[in-house]
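Here the structure is laid out as structure tokens; the discussion comes afterwards.
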Amino acid sequence: MAKKANLVAVLDIGTTKTSALICELTEGGVDLIGFGSTPSDGLRKGVVINIENTVESIKGALEEAERVSGCNIRSAYVGISGGHIRGQNSLGIVGIKGGEVDSEDVQRSVEAAKAVNIPTDREILHVLTQSFMVDDQDGIRDPVGMTGVRLESKVHIVTGSVSAIQNIVKSVNRVGLEISEIVLEHIAAAEAVLTQDEKDLGVAMLDIGGGTANLVIYYEGTVRTTAVIPVGGHYITSDISTGLRTPLAEAERIKKEHGCAYTPMIPREETIQVPSVGGREPRDVSRQILGRIIEARMEEIINLAYKEISKSGYEDLLAAGVVVTGGTSKTEGTAELTEQIMNMPVRMALPRAIGGLNDKVDHPMYSTAVGLVMYASQNMSRKVRNSSESWIGRTCRQVKKWCLEFF
Ligand SMILES: Nc1ncnc2c1ncn2[C@@H]1O[C@H](COP(=O)(O)OP(=O)(O)OP(=O)(O)O)[C@@H](O)[C@H]1O
Ligand SMILES: [Mg+2]
């Protein structure tokens with residue numbers, strides 16, 4: 001198989017499917033050159049509960065993506081979520097050495113903010129800087145070069161359970177892949193669906209998947225709150241299966257073909273045909289009844305998300321409202337129900353278009369995977385920039401040294 005430079009591979013190991021994306025980073029952006037997606041049943045509520053099944057699912061998705069791209073992948077960025085994820089805000093205060101903030105002071109203040117009491121069974125996944133304060137001046141994004149005596153950093157720390165993280169690592173390693181970085185799925189999806197303006201103005205993004213719904217709040221361009229709601233579309237399917245007494249596979253099909261999460265949108269006279277179990281005759285059922293089952297579960301998910309938004313203290317600051325994505329957001333009426341419960345403007349989002357095989361991922365269920373690609377490409381270009389900056393820095397220092405030696 002071919003080896004190409006500038007390749008990035010990502011894995012979104014979800015509760016209902018695993019997706020593997022292989023992209024080529026070009027000067028014009030990102031081209032999707034390999035895609036594979038396989039059903040996943042090794043996770044519950046976003047957490048690995050069966051290593052073998054998870055490995056099989058990753059293997060299937062990866063092999064397909066490698067076959068399509070003709071590339072052999074050695075490492076990948078991998079998403080993580082689940083009920084074990086916790087987000088907390090923290091402060092770090094340090095004295096400014098030399099009266100002017102430099103990057104070392106910034107680093108020390110972030111390190112100080114990281115020094116919170118984290119139980120030994122938890123691990124830090126991300127430390128996201130929010131803003132800085134130099135003496136009494138608050139809300140500074142980049143404090144380097146400012147004069148002062150005291151630097152305070154505000155950060156959002158995301159932690160996860162060591163064992164849940166290890167089970168993801170183990171499953172990925174078992175297919176022969178190294179992990180480039182484990183990325184919180186909320187942050188990844190936000191990269192694929194939110195605009196910078198929305199992040200600056202204040203926005204809540206809700207990614208409703210199969211086993212969980214991930215919530216992240218941005219304000220003034222940075223992450224303020226992250227939360228995981230342990231309910232998703234799989235529960236809607238299971239409710240339909242029980243409520244309409246039909247097999248799970250039929251419930252899933254009926255949900256996708258006829259489902260609606262907001263009953264006022266369903267005409268009263270509409271009926272659907274529902275296959276029965278045990279060889280009984282199919283029945284005609286009012287679409288309103290199907291709608292009521294879906295609406296009840298969707299209301300639960302959106303209410304839980306709204307509770308987190310209210311708890312965060314940012315509810316009145318979200319000028320850009322709510323952006324909803326994830327496979328379950330495809331259900332008709334999701335925007336209307338969310339708007340009614342949260343009383344905020346709602347936008348339904350697909351992942352931002354990328355080059356190459358974009359039509360394969362043009363569905364809200366791929367927001368996290370596409371976002372992982374965007375996160376990875378930003379990370380890689382940052383590394384290139386840093387290495388070229390340090391090259392320029394090194395050259396400048398060398399020139400300065402020569403000048404001092406000569407004159
Ligand atoms: N057209 C559709 N209408 C309604 N629901 C849909 C539609 N398409 C997909 N879904 C639902 O989306 C869910 C899967 O979404 P997604 O792929 O985002 O979840 P996941 O990443 O596998 O799970 P999680 O992120 O919760 O771990 C399934 O429950 C599926 O039934
Ligand atoms: Mg998902």
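The values are calculated or read from the model by the stated rules, or taken from the named source; none is laboratory data. As the structure is a computational prediction, the values presented were derived from the model and not from experiment. In this analysis, Cβ positions are derived from the backbone assuming ideal geometry, glycine residues included, and neighbour counts consider all displayed protein chains.
Kindly establish whether VAL10 is under 20 Å from ILE168 (Cα atoms) and within 16 Å of ligand 2 (Cβ to nearest atom). Break it down into steps so the answer makes sense when it comes.
Numbers: under 20 Å from ILE168 (Cα atoms): yes; within 16 Å of ligand 2 (Cβ to nearest atom): yes.
Here the answer is yes, as VAL10 does meet what is asked.
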Inset, instruction - Considering only residues that are modelled with pLDDT of 95 or more, out of contact with any strand residue (DSSP E or B) (no Cβ under 7 Å at 6 or more places or on another chain) and surrounded by fewer than 20 Cβ atoms within 10 Å (Cβ to Cβ), look in the stretch 359-385 and name the one that is farthest from MET298 (Cα to Cα). - result: ASP359
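For the stretch 37-63, give me the residue count where each residue is surrounded by fewer than 18 Cβ atoms within 10 Å (Cβ to Cβ) and away from ligand 1 (no atom under 16 Å from the Cβ).
We begin by selecting, within the stretch 37-63, every residue surrounded by fewer than 18 Cβ atoms within 10 Å (Cβ to Cβ); these are 38-39, 41, 44, 49-53, 63.
Those still in the list that are away from ligand 1 (no atom under 16 Å from the Cβ) too: 51-52, 63.
Qualifying residue count for the region: 3.
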Inset, instruction - Would you check which residues across the stretch 196-216 are more than 16 Å from ligand 2 (Cβ to nearest atom), farther than 23 Å from ILE354 by Cβ, among the hydrophobic types (A, V, I, L, M, F, W, C) and in contact with a Leu (Cβ under 7 Å, 6 or more places away or on another chain) and list them? - result: ALA204
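Among the candidates GLY327, GLY356, GLY321, GLY333, which residue alone is within 14 Å of ligand 2 (Cβ to nearest atom) and surrounded by 17 or more Cβ atoms within 10 Å (Cβ to Cβ)? Write out each step before concluding.
Numbers: GLY356 fails: within 14 Å of ligand 2 (Cβ to nearest atom); GLY321 fails: within 14 Å of ligand 2 (Cβ to nearest atom); GLY333 fails: within 14 Å of ligand 2 (Cβ to nearest atom).
Selected residue: GLY327, the only one of GLY327, GLY356, GLY321, GLY333 that is within 14 Å of ligand 2 (Cβ to nearest atom) and surrounded by 17 or more Cβ atoms within 10 Å (Cβ to Cβ).
Before we move on, is ILE293 in contact with a helix residue (DSSP H, G or I) (Cβ under 9 Å, 6 or more places away or on another chain) and in a helix (DSSP H, G or I)?
yes
Only one of VAL193, VAL158, VAL144, VAL127 is touching a Leu at 6+ places or on another chain (Cβ under 6 Å) and not polar (S, T, N, Q); which?
On the way: VAL193 fails: touching a Leu at 6+ places or on another chain (Cβ under 6 Å); VAL144 fails: touching a Leu at 6+ places or on another chain (Cβ under 6 Å); VAL127 fails: touching a Leu at 6+ places or on another chain (Cβ under 6 Å).
The conditions single out VAL158.
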